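The values are calculated or read from the model by the stated rules, or taken from the named source; none is laboratory data. Since the structure is predicted, the reported quantities are computational estimates derived from the model, not experimental observations. Cβ placement follows ideal geometry from the backbone for every residue including glycine, while neighbour counts extend to all protein chains displayed. For the accessible areas, the whole protein counts, side chains as well, though only heavy atoms, and no ligand, DNA or RNA atoms are used. Shrake-Rupley method; radii C 1.70, N 1.55, O 1.52, S 1.80 Å.
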Amino acid sequence: QVQLVESGGGLVQTGGSLRLSCAGPGRAFSTYYKAWFRQAPGKEREFVAGISWSHTSTYDVDSVKGRFTISRDNAKNTVYLQMNSLKPEDTAVYYCAAKPGGLGRTDRDYDYWGQGTQVTVSS
């Protein structure tokens, strides 16, 4: 079974930082496009950032630009999301996802998903 495993979520105060990690789904998928989505209570899941095997990154939520950084370590099959200057509105469950090919901006584009990790930012 193909799995993505997220870690690094938690509770942080406004202005704090967290680093999310997502391992998998395996060496055979090392060239897959990988992304982070988030879903806040009562809202649809939204694309946050994505990164290609060649490290080209895309950020699709204006509110995170300049605060969040996506990166990946292909040798470790791991993608990261460094989140700085966190705000209460960043509170959500964060999911990582993987797909073959290039950028996809909707969750329908992705074949593999992690279980999600909760990020809570207190005011």
With the checklist (1) of a type in the set (V, I, T); (2) open to solvent by 50 Å² or more (accessible area, probe 1.4 Å); (3) in contact (Cβ under 8 Å) with a residue 12 or more places away in the chain in hand, flag the one item T91 doesn't pass.
(2)
Taking the condition open to solvent by 50 Å² or more (accessible area, probe 1.4 Å) and either of a type in the set (S, T, Y) or free of Cβ contacts under 8 Å to residues at least 60 places away in the same chain (or both), does G66 pass?
yes
List pairs: first in region 101-123 and without any contact (Cβ under 8 Å) to a residue 12 or more places away in the chain, second assigned to a strand (DSSP E or B), Cβ under 8 Å, 6+ apart or cross-chain?
D109/K99
Any chance you could count how many residues in region 113-123 are out of contact with any helix residue (DSSP H, G or I) (no Cβ under 7 Å at 6 or more places or on another chain) and open to solvent by 60 Å² or more (accessible area, probe 1.4 Å)?
3
Looking only at residues in region 1-23 that are at pLDDT below 95 and over 18 Å from V93 (Cβ atoms), which one is most open to solvent (accessible area, probe 1.4 Å)?
Q1
